[in-house]
Amino acid sequence: MEARAVEVPEPPSETAVTNDEVLVLDFGGQYSQLIARRVRECGVFSELLPHHAALEEIRARRPRGLILSGGPASVYAPGAPALRSELLELGIPVLGICYGMQAMVLQLGGRVEAAEVGEFGRSRLTVKEHGRLLEGLPAEQSCWMSHRDTVFEPPPGGAALASSSESPVAAFEDTARGLYGIQFHPEVVHTPYGTQILARFLDDICGCDMSWDAASVVDEQVRLIREQVGDGHVICGLSGGVDSSVAALLVHRAVGDQLTCVFVDHGLMRKNEGDQVIAAFRDTFKVPLVAVQAQERFLERLAGVSEPEAKRKVIGQEFIRVFEEEALKLGDPKYLVQGTLYSDVIESGGGTGAAVIKSHHNVGGLPEDLEFELVEPLRALFKDEVRRVGLELGLPDRLVWRQPFPGPGLGIRIVGGEVTRERLAILRDADYVLQEEIRGAGLYRELWQSFCVLPGELRTVGVQGDERTYGYVVVIRAVTSDDAMTADWARLPYDLLERIASRMINEIRQVNRVVLDVTSKPPGTIEWE
Ligand code: XMP
């Protein structure tokens, strides 16, 4: 256990970075988040607000434009989310997408009807008049639709720009009033010109400065962290995952040695992973770091525990205990850094900034009963943006692109038996072979996760040399996924699997059998426990 005080932080930058912002009002659409992501990819900061967000809040943020998202309801359904007319009179351009467009047209006196046939999936868009919104786009293009209500006539003063087989008005604009609508979804990849259309809205119509990027996040967060923390003492639980690493580096950039990171090595990490985290933070970034070697404590507490939930509880509680002890030794810092992401904020029903914070599991459990004020510099960012900020801050590729790793670590990958020192060593060695081969084959980034599971009590018979063996079975689990909600088992090449299996059996004396998990999620979960 060791803390090191280091370098003085950079002098504060006086220039406050304020980027243009376009707000997405969420009418319940499946892709509302994606709209905000695409807008950001165009270089304009964007956040989601509920469709009923207070007008004062919207005005106070001074957005350059508004986007009204799609939604599942029919505009004629009782209780369908209403579009307040004031939103169309804020003096900024508004783009309605799908339901957003229909609600707008209805509000302005155009004609929207429930059509006989819905339009779902790929459609052909024919542009009759390019207007301002579709300028420079091909006259024929494919687009992606998902609607039943249909716009038959644009509102008075508006011009119909395009149609599809089922949508007489698939795009309209009223440039005088700054109102634009599209029936299709520009945010999904199946609308090849979608991003270009969004960019036209943001650039040409809203006049946004399109320069928002990871570097501006760093500058802005550094300023905000300094404002929040002042000369207070900040603590951060580092897990080695990308979120807590990037959050810690941002805070260190902002307040230097006022930050102390605590890295609890619970002995459930992958081979060398603890050392890599310590080397990166303490040696490269010179972040004051307390590394707690708590392997023995965790092993003792895990003795005799094999039921999955009990195991998670033991690991989580012990983590909190160790963290609390360290916080007290550090003089009870006032601030705690959390790597909460925008997706966590949205999932917890937020978006308005007033949302309940979803507890974050990166460090294996939150010290909930400690009274910290939270510092959450990643609260507005999506995962891929966090990675870009990490790269911007010089975080090594290995940490930036690390696959997700659960807080309880290898503890929940020794299944159906207790976690022992020997089993951990076997699992760690097997996992090391797997990682090395997956990386060697260039597949690491393509996979959401790749790891091994060790059935703790199971032994099988084998033959090696001329001898009968009775050894452990290692399970290979590799999945592809976008968000861990669903996952598909990865079709790893046979040659690679063969090499992995033979290396594991040759290099790890206690292992004599290797099997592959071919279960997707659902019905399986990614982890075995
Ligand atoms: P499952 O197994 O439910 O996992 O399909 C979904 C994703 O969550 C990760 N996971 C955890 N992450 N603490 C974490 O930080 C945990 O306790 C935990 N349990 C599961 C899992 O690795 C997968 O990416």
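Miscellaneous remarks
- Of the DSSP H helices in the chain, those whose Cα atoms cover at least 27 Å axially and whose Kyte score averages -1.0 or more: 308-329, 421-440
- Element breakdown for segment 118-185 at a 1.4 angstrom probe: carbon and sulfur atoms account for 48% of the accessible area.
- Amide H partners (placed H, <5 Å) of Arg64, local residues excluded: Glu21, Val22, Leu23
- Near the amide H of Leu259, within less than 5 Å, lie the amide hydrogens of Val234, all on another chain or at least 5 residues away, with H placed in the peptide plane.
- When the P(r) of segment 21-205 is calculated, the portion above 22 Å amounts to 37% of the C-alpha pairs.
- Rg/Rh for segment 214-400 stands at 0.95; both radii use Cα atoms, and Rh follows the Kirkwood definition.
- Percent of beta bridges antiparallel (DSSP, the chain, rounded to nearest 5): 45 percent
- Its Cα gyration tensor gives segment 413-516 an equivalent ellipsoid; the semi-axes, largest first and in whole Å, are 24, 16, 11.
- Tensor-based shape of segment 89-162 (alpha-carbon gyration tensor, a/c under 1.5 rounded, otherwise prolate or oblate): oblate
- Dipole magnitude of segment 387-477, debye to nearest 20 (Cβ charges: Lys/Arg +1, Asp/Glu -1, about Cα centre): 360 debye
- Residue-wise HN-Hα coupling along segment 183-191, computed from phi with Karplus coefficients 6.51, -1.76, 1.60 (Hz; x: Gly, Pro): 7, 8, 9, x, 7, 8, 5, 6, 10
- Rounded to whole numbers, the Karplus 3J(HN,Hα) couplings from phi for segment 155-168 are x, x, x, x, 10, 6, 9, 8, 9, 9, 4, 9, 10, x Hz, using 6.51 cos²θ - 1.76 cosθ + 1.60 with θ = phi - 60°, and x at Gly and Pro.
- A Cβ-based charge dipole, computed about the Cα centre of the chain with Lys and Arg at +1 and Asp and Glu at -1, lands at about 880 debye.
- This model, with +1 at the C-beta of Lys and Arg and -1 at the C-beta of Asp and Glu, gives segment 375-529 a dipole about its Cα centre of some 140 debye.
- Rolling a 1.4 Å probe over the heavy atoms of the protein chains gives segment 411-529 an accessible area of 50 Å² per residue.
- Rolling a 1.4 Å probe over the protein heavy atoms of segment 214-400, with every protein chain left in place, gives an accessible area that is 49 percent carbon and sulfur.
- Each of Phe298, Ser69, Ser239 was placed along the dipole of the chain (beta-carbon charges, centred on the mean Cα), and the one lying farthest toward the positive end is Phe298.
- Cα principal axis extents for the chain, largest first, Å: 84, 59, 40
- The lysines whose alpha-carbon is closer than 28 Å to the alpha-carbon of Lys521, local same-chain residues fewer than 8 away aside, are Lys271, Lys311, Lys313, Lys358, Lys383.
- Projected area averaged over orientations for segment 257-355, convex hull of C-alpha atoms, nm²: 8.6 nm²
- Evaluating 6.51 cos²θ - 1.76 cosθ + 1.60 at θ = phi - 60° for every residue in segment 61-70, the Karplus couplings come out as 7, 6, x, 7, x, 10, 10, 9, 7, x Hz, glycine and proline recorded as x.
The values are calculated or read from the model by the stated rules, or taken from the named source; none is laboratory data. Bear in mind the structure is a predicted one, so any value in this text is a computation, not a measurement. All Cβ positions, glycine included, derive from the backbone under ideal geometry; neighbour counts span all protein chains shown. Side chains included, ligands, DNA and RNA excluded: accessible areas come from the protein's heavy atoms. Shrake-Rupley method; radii C 1.70, N 1.55, O 1.52, S 1.80 Å.
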